[in-house]
Amino acid sequence: MRTYDWMQSLRLIAVSTALLLALSGCQQPTDGSPGTDGQASEAGPDTTQQPPTADDDPSDGADSPQQSYDKQPPVDEPVLPLPDESGKSQGTGENVRPPEDNVTAGVIEEKWNTGAPQLINLAIGESIVKANEQFGAANDTYTLKDGEEAITVSSYNGFSVGYGKDQQIRFIEVYESGVRTGLNGVRIGDFEDDVLEALGKPTTHTSYVIGYKAKGALLKFDMDPKNREILSIKLFSHA
């Protein structure tokens, strides 16, 4: 009798299990996945966030400063006219040479001679009379002290000549570019290279002075150390 009851219980359990399986197969999925029959779920829209794409990037329309600069349209720069070379006035560093001073127009340009040094065709020790004959009366005359000796200075346009009581020339100085120096074409405003080319190797050569020792005299060029131009030329007595 007990065996029969036990068999009946097994049958009931099997029937119940089959019924449960049948019922579960008839239910529709509720998680949005396809059902067992292959049809899509009728659940609401999928709210799962998707990774942003390049088209969805909110910064896509903004350029960096460099990009903005690169995208700027080219600007046509104005074409400047070429400088007019006609009538160009010379300035510092361009060998300024004003019109010839008629007083020195007759000065002969010669090669530098250390045995017979001259400036504007005058030599140290010559008579001031020669200067008067060659250049005429001075524009101005004044006296200065050279040690214990009084030197009379005759001043002309762009140069001066100093002489002693014995009427002999002690120095000659040139300080304007319009004066013909007689030094192989060298003028005030010319450059260092012009001096070296015209007179050769100097005795003294610094950024301020170019000097040439000669018989009984010294020829001195005072230079602009920045532009290397001649500021003044002096010839004076030197043992």
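Laboratory data are not the source of any read-out in this text; all were calculated from the coordinates shown. Computed from a prediction, not measured in an experiment: that's the story for all the values here. Heads up, the Cβs are rebuilt from the backbone with ideal geometry, glycines too, and the neighbour counts pull from every protein chain shown.
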Least to most buried among Val209, Val179, by other C-beta atoms within 10 Å and fewest first, runs Val209, Val179
Sorted by Cβ density within 10 Å, fewest first, the residues Asp224, Asp140 = Asp140, Asp224
Here, Leu231 and Ser155, labelled 7 Å along Cα→Cβ, have an inter-label distance in nm of 1.8 nm
Charge dipole magnitude, Cβ of K and R +1, D and E -1 - the range 114-223, Cα centre, debye nearest 20 | 280 debye
Two pseudo-spin positions, 7 Å from Cα along C-beta at Ala105 and at Ala239, lie apart in nanometres by 4.4 nm
Those lysines that a straight Cα-Cα span of less than 27 Å connects to Lys111, excepting residues fewer than 8 apart in one chain | Lys130, Lys201, Lys213, Lys215, Lys220, Lys234
Can you tell me the FRET efficiency between Gln134 and Thr206 if r is taken as the Cβ-Cβ distance and R0 is 30 Å, rounded to the nearest 0.05?
-> 0.40
